[in-house]
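The values are calculated or read from the model by the stated rules, or taken from the named source; none is laboratory data. Not measured: the values here are computed from a predicted model. Quick reminder, even Gly has a Cβ in these numbers, built from the backbone with ideal geometry, and neighbours come from all protein chains shown. Protein only, heavy atoms only, side chains kept; ligands, DNA and RNA dropped before computing areas. Shrake-Rupley method; radii C 1.70, N 1.55, O 1.52, S 1.80 Å.
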Amino acid sequence: MRAVLLSRCGHGSDNVLVIMKQYPVGHATVNDYLMMYLAKWKRVAVVLLFVWIVVTYLVISPLRCNGVTDDVLEFQERYRSLSSQLESLRQQHSNLIAQIRKSSGLNGNLKDLDPSLFESAQGPSEEYENLRRRIYSNTKEIWYYISHEIGKLIADEVKVDALQAILNQVADRKRSLLSDQQKLPELDGYKEWRETEAANVSELVQRRLKHLQNPVDCREARKVICNLNKGCGFGCQLHHIVYCLIFAYATERTLILNSKGWRYNSKGWDYVFHPISDSCTTAYDDKVMPWPVSYDAKVVSLPFIDSISQKPKFLPLAIPKDLAHRIVRFNGDPASWWIGQMLKYILKPRTNMQKAINETIANMNFKSPIVGVHIRRTDKVGTEAAFHHIHEYMTHVKDYYDELELTHPVDKRRVYLASDDANVLEDARKKYPEYEFIGDASIAKTAATHRRYTPLSLAGLLVDLHMLSSCDYIVCTFSSQVGRVAYEIMQTNRVDASNSFFSLDDIYYFGGQNAHDRVVGVSAHELSFFGSPVGDLIGVAGNHWNGFGRGTNKRTNLNGLIPWYKTADHLVLYPFPEYKQVPLYSDTRQKGL
């Protein structure tokens, strides 16, 4: 349809007739096939047309019926100028509508849309992000259930061929669903926003830590003492420092790290890594009180997290309340992201160590796409973890590449393999010749139990951590500290790594953490024996990777299996100090996002 706006102005017998055409914004049934999240842009376009009409009316109205000849000439000049501007706006509007129509069908290609037409200063809502992640997670949970149940029937040799064909078909459909869902963050218009916001929040945390660790007056600063010599491996010791730094952050105390006689280098942490403080490294002669203290002592020393009494609520998996609303909008696992920020601050190799790491990496054909595999054997197996054959890891490597090939060309299926067993790399190459395995058997040899606590072993472990965290995806066991550290560092390398791993055993945890709870999100009969209505907290012991996990209802104290997809992680928010003296942005300006 066309709307005609008539305005008549005259002087004497002269009249000027002005005609404006309102251009079409699309057929009335376009909403039948527009995507839900594109509908608002149509409304924006309609609003633009309305604004044109209002502006034109305001320009014309002062001249109505009482102008003079000069007024008419001035009006005509202003009208020509305005018409030129409106024509430009009309062209933008037409382009917008054309792109919406092009992308509105079920097979529409959203990448064809001009991002400049859809600028948003606010980013996606928490509800949107939570729902998007829930759909992705629950698609995997359906697959865990189906593959487990059909797998049992196959093991019993009940119509094996037919069941395997069903399982293969479901696997294809699952990969297709996950692949489509993985595209959403790239096509919803907020990809750049997430990247910017993730970088801003990370930089803010790093500035706060630097401020905390470099007080103006070290002698007068309140401090917490952390002794590094814990009788465990490097991953465990890293997590010990993380626990100490979180304690320091929560209590606004500068962390003093005592590391002389460190089992990896007797000269101490600062000989291998940059010190965690540039200006405050001693408690002077102040009295040191062991935690817990009955008063606000100036200097306190921390026990190991495993033996701490009166465990503070700010320990993992808690995250800062003042940052939570920002973190959850770009990351699906805020607790591991927060711990990763601690590692980012402390784990800075000195020049010689970094050079050795870089030289080792340079000799490897490390490029994307690549999957990292960490296989822990030796001292862990039979005590803290079960033995897992190489095919258990490679099942998930294959699944990753099968899904990736739905949307990206894969020139070679690469695997970076890290292990403390030197035989694993050779075994993998023999059994899976279609894959290119990258790794260094000499690193595995230095990781052997009798050689583990040496500078050479430490250098090899740092290479493994760097490489694993740089992979596109990792398959590991979260019973291993190294597997969890690699994942935590990965969270600092990208916006969101929460869907970039698979653990063969445990769900993610932090050793010595407070309770890990999930909240009931769906009221259903499967949970009735729990007496678990929506909102109840379930303390979880782990995911069985078959659609169910074991947990205990915190209200009724009943224990049993829970359908994992009907619960969601309960995020613990703690009112950490907000460090208002530290600017929100590095350039001290309040940037609008």
So which helices (runs of 4 or more DSSP H) stay within region 160-279 end to end and still have 2 or more residues that are touching a Leu at 6+ places or on another chain (Cβ under 8 Å) and farther than 30 Å from TYR400 by Cα? 191-213, 234-251
Tally up the residues in region 555-569 that are open to solvent by 80 Å² or more (accessible area, probe 1.4 Å) and in a loop (DSSP other than H, G, I, E, B), please. 2
Are any of the residues in region 314-327 open to solvent by 50 Å² or more (accessible area, probe 1.4 Å), part of a loop (DSSP other than H, G, I, E, B) and among the small types (Gly, Ala, Ser)? no
Can you find even one residue in region 426-433 that is crowded, with 19+ Cβ neighbours inside 10 Å and among the hydrophobic types (A, V, I, L, M, F, W, C)? yes
Hey, can you tell me all the residues within region 399-425 that are within 27 Å of the chain's Cα centre (by Cα), exposed (fewer than 15 other Cβ atoms within 10 Å of the Cβ) and either among the β-branched types (Val, Ile, Thr) or under 22 Å from HIS466 (Cα atoms) (or both)? THR407, VAL410, LYS412
Find all pairs meeting these conditions: Cβ atoms under 7 angstrom apart; at least six residues apart or on different chains; first residue within region 146-162 and closer than 20 Å to ARG173 by Cα; second residue modelled with pLDDT of 80 or more and small (Gly, Ala, Ser). HIS148/GLY547
Among the residues of region 131-186, which ones are of a type in the set (Asp, Glu) and at negative phi? GLU141, GLU149, ASP156, ASP161, ASP172, ASP180, GLU186
Considering only region 135-159, how many residues are outside any helix (DSSP H, G or I) and among the acidic types (Asp, Glu)? 2
Check every one of the strands (runs of 3 or more DSSP E) wholly within region 334-446 and list those with 1 or more residues that are at pLDDT 95 or above and in contact with a Gly (Cβ under 9 Å, 6 or more places away or on another chain). 370-375, 414-419
Could you please let me know if GLU488 is assigned by the TED database to the domain that holds TYR400, of a type in the set (Asp, Glu) and either surrounded by fewer than 20 Cβ atoms within 10 Å (Cβ to Cβ) or part of a loop (DSSP other than H, G, I, E, B) (or both)? no
Just one of (1) in a strand (DSSP E or B); (2) hydroxyl-bearing (Ser, Thr, Tyr); (3) at pLDDT below 90 trips up SER586, so point out which. (1)
Extreme residue, nearest to GLU252 (Cα to Cα), among residues of region 570-589 that are in contact (Cβ under 8 Å) with a residue 12 or more places away in the chain, open to solvent by 70 Å² or more (accessible area, probe 1.4 Å) and not aliphatic (A, V, I, L, M): GLU578
Kindly establish whether ARG194 is modelled with pLDDT of 90 or more, of a type outside the set (Val, Ile, Thr) and more than 30 Å from TYR585 (Cβ to Cβ). no
Check GLY460 against each of (1) part of a loop (DSSP other than H, G, I, E, B); (2) under 30 Å from PHE273 (Cα atoms); (3) modelled with pLDDT under 95 and name the one condition it does not meet. (1)
Can you find even one residue in region 384-392 that is surrounded by fewer than 15 Cβ atoms within 10 Å (Cβ to Cβ), within 30 Å of LYS431 (Cβ to Cβ) and either assigned by the TED database to the domain that holds CYS236 or free of Cβ contacts under 8 Å to residues at least 12 places away in the same chain (or both)? yes
Consider region 188-211. How many of its residues are in contact with a Pro (Cβ under 9 Å, 6 or more places away or on another chain) and open to solvent by less than 40 Å² (accessible area, probe 1.4 Å)? 7
Tell me which residues, restricted to region 272-313, are of a type in the set (D, E, K, R) and open to solvent by less than 10 Å² (accessible area, probe 1.4 Å). none
